[in-house]
Amino acid sequence: MIFATDLDRTIIHSSKFIKNKADAICVETLDGKEISYMSKRALFLFNELKKKDTLRIIPVTTRSIAQFKRIEPLQSLPFAITSNGGTILYHGNVLSSWSYKIKEIVEKRIKEYEEIKNILDKHKKYLTRVPTLIDDMFFFTKVKEDEKKEIAEILDKELKDLTWEFTIQGTKLYIMPKEISKENALKFLREYLHENFLITAGDGKLDVGFLNMGDKRIVPEKSEVIEYLDLTKKNYKFVPEGMKGPETIFSDLMVM
C-alpha cells in the first residue's frame, strides 16, 4: 500500500497557518530560521507510520530537491517525488531510470525553454521575482497580486501552441512542460514498486492529477484543490485544515 502525499499545507505547515505554536514542532529550517511545522501528535504518529511494513509513504512535491531535503522527518523515507514529478529520489539520490526519461523530455523541449524565458522577459513588469529554472526542469517566479488575471490571460495566449502549462498559486507562478507532472512520476513509481492500493493526499491545483489516481483520496477542508475535483466520487475524505489535518490522516493510516 502506498500513501502518496503533498507536503506544504497538507502534512506540514508554515507559521502563518499555525494557531497554537506551543503544540508545534519545527520540521524545517533555512539559514537558522524555522520554516515549517507539524503538531507534536502528528510528528509522533508520522514516525510510527514509518515503521509499518505494509505502508510506503511517498512525499510528492513541487519543491526542488534542495528544498525537500530541508524537511528533516522525511529524509529517512526510501522514496520521494520532487520537482513536480521531475525527480524521483531513492534514499536521497536521483533514481536514474526515471531521470533518463525526464532528460529526454527536457532535451526534446530545449528550444521551448528559451521561448518560455523570452515570454517571461517580455512580461517582466508583472513579476516580482526573477524567474528561476527549478532543477533545470521548470520555471518558477512570483507575480503581482493585483495583476494575476492579466498575466494569466497573457500566458493562455502565449502558451497555446506549446506543450507547456502554467498555474498561479497565491502569487507563485509555475510554468512547466506538460509531461513533467506529479501523476506521471507516481504512475512510474507505482509500477516500479508493484503496488496496487494507493492513498493520495493534496491541497493544490498541481495535486489534481495524482490525487485522482488514489483508491482513497484525502483533501484538507477549504483547500484550493476542491474546485477542481469531481466530488460525485465517493472515495474522498475531508480532514480539518491546518495542523489538525495531518493528525487525522496519520491516525487513520495507523489502523489500515
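Summary table
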| read-out | value |
| --- | --- |
| Acute angle (nearest 10 degrees) that the helix 244-254 long axis makes with the longest principal axis of the chain, alpha-carbon atoms | 60 |
| Net charge of Cβ neighbours under 9 Å - reference PHE250; Lys, Arg +1; Asp, Glu -1 | -2 |
| Mean residue ellipticity (222 nm) of the chain, computed from DSSP H runs ≥ 4 via -39,500 (n - 2.57), nearest 500 | -9000 deg cm²/dmol |
| Share antiparallel - DSSP beta bridges, the chain, percent rounded to 5 | 65 |
| Spin-label proximity, ASP215 to the range 28-68 - amide N less than 17 Å from point 7 Å beyond Cα toward beta carbon | 53-58 |
| Contour minus Cα-Cα distance for LEU77 and ASN20 (0.36 nm per residue) | 17.7 nm |
| Net lengthening on full extension, THR29/ASP161 (0.36 nm per residue, minus Cα-Cα) | 43.5 nm |
| Average accessible surface area per residue within the chain, 1.4 Å rolling probe, Å² | 51 |
| MET254, MET176, ranked by accessible area, largest first (probe 1.4 Å) | MET254, MET176 |
| Carbon/sulfur fraction of accessible area - the chain, other protein chains in place, 1.4 Å, % | 49 |
| Stretchable slack from ILE154 to ARG41, in nm (0.36 nm times residue separation minus alpha-carbon distance) | 36.2 nm |
| Solvent-accessible surface (1.4 angstrom probe) belonging to ASP215, in square angstrom, nearest 10 | 70 |
| Selected from ASP53, ASP31, ASP161 as most flexible by GNM, with the chain as the system and alpha-carbon contacts under 10 Å | ASP31 |
| Degrees between helix 96-108 axis and first principal axis of the chain (Cα, 0 to 90, nearest 10) | 20 |
| Solvent exposure ordering (accessible area, 1.4 Å, most first) of TYR192, TYR100 | TYR100, TYR192 |
| Nearest-ten-degree value, helix 110-122 long axis tilted from longest Cα axis of the chain | 80 |
| Top of LEU162, LEU89, LEU120 by mean-square fluctuation, Gaussian network on the chain, Cα under 10 Å | LEU162 |
| Cβ-Cβ FRET estimate between LYS172 and LYS51, R0 fixed at 35 Å, reported to 0.05 | 0.50 |
| Selected from ASP23, ASP146, ASP136 as most flexible by GNM, with the chain as the system and alpha-carbon contacts under 10 Å | ASP146 |
| Shape of the range 88-232, Cα gyration tensor, a/c cut at 1.5 | oblate |
| Proximal aspartates and glutamates relative to LYS233, as straight alpha-carbon distance under 12 Å, when same-chain residues fewer than 8 apart are discounted | ASP215 |
| Residue-level accessible surface for ARG190, protein heavy atoms, 1.4 Å, Å² | 60 |
| Tensor-based shape of the chain (alpha-carbon gyration tensor, a/c under 1.5 rounded, otherwise prolate or oblate) | prolate |
| Rh (Kirkwood; distinct C-alpha pairs) - the range 151-223, Å | 14.0 |
| Cross-link table LYS19/LYS237; LYS21/LYS144; LYS40/LYS187; LYS111/LYS160; LYS19/LYS244; LYS21/LYS172, entries beyond 21 Å C-alpha to C-alpha | LYS19/LYS237; LYS21/LYS144; LYS40/LYS187; LYS21/LYS172 |
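The values are calculated or read from the model by the stated rules, or taken from the named source; none is laboratory data. None of these values were measured; they are calculated from a predicted model. Cβ sites come from the backbone with ideal geometry, for glycine too, and all protein chains shown count toward neighbours. Keep in mind that these areas ignore ligands, DNA and RNA; they rest on the heavy atoms of the full protein, side chains included. Shrake-Rupley method; radii C 1.70, N 1.55, O 1.52, S 1.80 Å.
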